[in-house]
Amino acid sequence: AQSVTQPDIHITVSEGASLELRCNYSYGATPYLFWYVQSPGQGLQLLLKYFSGDTLVQGIKGFEAEFKRSQSSFNLRKPSVHWSDAAEYFCAVGVKGTDKLIFGTGTRLQVFP
Amino acid sequence: DARVTQTPRHKVTEMGQEVTMRCQPILGHNTVFWYRQTMMQGLELLAYFRNRAPLDDSGMPKDRFSAEMPDATLATLKIQPSEPRDSAVYFCASGLEGGNTEAFFGQGTRLTVV
């Protein structure tokens, strides 16, 4: 069965520091992969997505993610974090043949000045 | 600015009462999803529709939950009777069919059942 694991429940970084949020998936074929961000009291917003082709994908707000098939990973990165990036981040895999998304449990990012 | 609209944003109700949550998907989107978010379970897919037809509601407790799309501009999620364990944030999302397309989320309905 398809699943998504986000090993880090909570991450704290200083403003200006680099960031990497981990995501591992379990899927039988090349997956559709997504990263969403949720600010407090808000719905989820898409940061970026991967379907095929270049394994390094660029998203909004300066985020990028790299698909590594050998590691079943799709980690999210940002070279320099801003205080406004504090939020919860969700990795998701799309189930092919359906429109469904399976979400990970999320990583809460805290940014200190 | 197209967005998914959910009403109400907050709802407090007593156990046993009926609760109806509404969602207006983005015009032109033909898939609609209902998710439930709790601290313990994270984001769970309750049901989803394509072209107003329910495709999968396996995540929904059938005895008390029901989801419908009376027309293309309205999706409803009903709980009857409500229980304290239903307390959660319920999100509606809409998109275009195809597993590689973005789902646009509403701001959610925070339900508290006391």
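The values are calculated or read from the model by the stated rules, or taken from the named source; none is laboratory data. Remember, predicted model here, so these are calculated numbers, not experimental data. Every residue, glycine as well, gets a Cβ built from its backbone with ideal geometry; the counts of neighbours run over all protein chains shown.
So here's what we get for this one:
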| read-out | value |
| --- | --- |
| Any hit, the range B:73-95, residues being at pLDDT below 95 and either within 19 Å of B:T13 (Cα to Cα) or aromatic (F, W, Y) (or both) | no |
| Selected residue (criterion: modelled with the lowest pLDDT) from residues of the range A:6-42 that are among the hydrophobic types (A, V, I, L, M, F, W, C), closer than 25 Å to A:G97 by Cα and part of a loop (DSSP other than H, G, I, E, B) | A:A29 |
| Where A:W35 falls short, out of the listed (1) farther than 27 Å from B:S58 by Cα; (2) touching a Lys or Arg at 6+ places or on another chain (Cβ under 8 Å) | (1) |
| Residues satisfying the stated conditions in the range A:86-113, i.e. within 18 Å of A:Q45 (Cα to Cα), within 13 Å of chain B (Cβ to nearest Cβ) and not in a strand (DSSP E or B) | A:D99, A:K100, A:G104, A:T105, A:G106 |
| Residues satisfying the stated conditions in the range A:43-85, i.e. assigned to a loop (DSSP other than H, G, I, E, B), closer than 21 Å to A:T12 by Cα and over 12 Å from the mean Cα position of the chain (by Cα) | A:P79, A:S80, A:V81, A:H82 |
| Strands (runs of 3 or more DSSP E) (entirely within chain B) containing at least 1 residues that are away from chain A (no Cβ under 14 Å) and not hydrophobic (A, V, I, L, M, F, W, C) | B:10-13, B:19-24, B:65-71, B:74-79, B:109-113 |
| Test: residue in the range B:2-21 that is touching an Asp or Glu at 6+ places or on another chain (Cβ under 9 Å), polar (S, T, N, Q), within 16 Å of B:F105 (Cα to Cα) and surrounded by 15 or more Cβ atoms within 10 Å (Cβ to Cβ) | no |
| Single unsatisfied condition, B:L43 versus (1) under 24 Å from B:N100 (Cα atoms); (2) surrounded by fewer than 19 Cβ atoms within 10 Å (Cβ to Cβ); (3) touching a Leu at 6+ places or on another chain (Cβ under 9 Å) | (2) |
| From the options A:G59, A:G104, A:G43, A:G53, residue that is in contact with a Gly (Cβ under 7 Å, 6 or more places away or on another chain) and not acidic (D, E) | A:G43 |
| Any hit, the range B:42-52, residues being touching a His at 6+ places or on another chain (Cβ under 8 Å) and either within 21 Å of A:G106 (Cα to Cα) or modelled with pLDDT of 95 or more (or both) | no |
